[in-house]
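The values are calculated or read from the model by the stated rules, or taken from the named source; none is laboratory data. Not measured: the values here are computed from a predicted model. We place every Cβ from the backbone using ideal geometry, glycine too, and count neighbours over all the protein chains shown. Heavy atoms of the whole protein, side chains included, go into the accessibility calculation; ligands, DNA and RNA do not. Shrake-Rupley method; radii C 1.70, N 1.55, O 1.52, S 1.80 Å.
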Amino acid sequence: MYKVKVSKEIADALDKMPIDNWNKQFNLISHCKGFSGNGICMSTNYKDEFKILNELQPLDFARCLIVGYEVT
C-alpha cells in the first residue's frame, strides 16, 4: 500500500487527530457515515477545523490513518 498524498491543510487536520487505535476506528467510522455508497459526501460530523477532511474519500482517509500520508 502507498501513502496518500494530501494538501498541507489536510495534513494539518490529520495531525490534530488522536492516533490511538480506538480513535482511529471511531474517526474512520464517523468519516464513512457522511458518504453515500458511491463516494459522494452527503453530510459532515466534523467541527470547522476538521471540515477539510471531507475532501478525502473514505478509502483514502483509511489509508491515511493506517499507512500514513505525505504532503504534496
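Rolled with a 1.4 Å probe across the full set of protein chains, the surface gives residue 43 an accessible area near 60 Å². Taking the Cα centre of the chain as origin and assigning +1 to Lys and Arg Cβ atoms and -1 to Asp and Glu Cβ atoms, the resulting dipole is close to 160 debye.
Is any residue of the range 49-72 close enough, with backbone N under 14 Å, to a label point placed 7 angstrom from the Cα of residue 15 along the Cα-Cβ axis, and if so, which? Counting backbone N atoms under 14 Å from the label point, the list is 69-72.
Normalising the average separation of contacting C-alpha pairs (under 8 angstrom, six or more residues apart) by the number of residues puts the relative contact order of the chain at 57 percent. Given a 1.4 Å probe and every protein chain left where it sits, what share in percent of the accessible area of the range 4-71 is carbon and sulfur? Heavy-atom surface of the range 4-71 belonging to carbon and sulfur, 1.4 Å probe: 56 percent. Put 1, 42, 17 in order of accessible area, highest first, and with a 1.4 Å probe you get 1, 42, 17.
Average accessible surface for the chain: 68 Å² per residue, computed with a 1.4 Å probe over protein heavy atoms with every protein chain in place.
Ordered by 1.4 Å accessible area with all protein chains kept, 61, 50 run largest first as 50, 61.
Loop-resident trypsin sites (Lys or Arg not before Pro) (DSSP state other than H, G, I, E or B) in the range 5-72 with no more than 11 further Cβ atoms inside 10 Å of their Cβ: 16, 47. Per-residue extension of 0.36 nm, minus the Cα-Cα distance of residue 2 and residue 24, leaves a gain of 6.1 nm for this segment.
Looking at the square roots a ≥ b ≥ c of the eigenvalues of the Cα gyration tensor of the chain, which shape do they give, rounded for a/c under 1.5, prolate if a/b is larger than b/c, or oblate? In terms of gyration-tensor shape, rounded.
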